[in-house]
């Protein structure tokens, strides 16, 4: 089963995005892209939408281990963290792409278990710092 981590951030939206970026980098992930979906909705659809920013991050070591189990795992990478506004709250969410890959049948569970375990430990180390 894929867990969804969710936490309310006691800071501004901008500060929450920066904090997530900084912490995941400090915990050994590389931030590949930070993109506001709300900006795209405004530009492409001309609608105002609550701020929603994706922070896409990857650990080269963990990505390689997952792809060694099955190259199909590349289809669900990188890891994503989402910071969004919900009313007057700022929320951050994350779910395990490694578990998703197994659930979707992209990689065998027995080969992915060590990767899922290591990824979970590293993500939770970052998560506890948000």
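Laboratory data are not the source of any read-out in this text; all were calculated from the coordinates shown. What you see is a predicted model, and the numbers here were worked out from it, not measured in a lab. Note that each Cβ is placed from the backbone with ideal geometry, even for glycine, and that neighbours are counted across all protein chains shown.
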Worksheet item: Which angle between 0 and 90 degrees, to the nearest 10, do you get for helix 60-69 versus the longest principal axis of the chain when only C-alpha atoms count?
Response: 50 degrees
Worksheet item: Counting only Cα, what are the radius of gyration and maximum Cα-Cα distance Dmax of the chain, in Å?
Response: 15.3, 46
Discussion item. Just to be sure I understand the model, the point goes 7 Å from the Cα along the line to the Cβ. What's the resulting residue 15 to residue 35 distance in nm?
Written reply: 2.8 nm
Worksheet entry | In degrees, nearest ten, helix 13-26 long axis to first principal axis of the chain (Cα) | 30 degrees
Worksheet entry | Nearest-ten-degree value, helix 109-127 long axis tilted from longest Cα axis of the chain | 40 degrees
Worksheet entry | Neighbour-count order for 55, 4, fewest beta carbons within 10 angstrom listed first | 4, 55
Fill in: Hypothetical label at residue 22: residues of the range 60-87 whose amide nitrogen lies under 19 Å (7 Å Cα-Cβ projection)
81-84
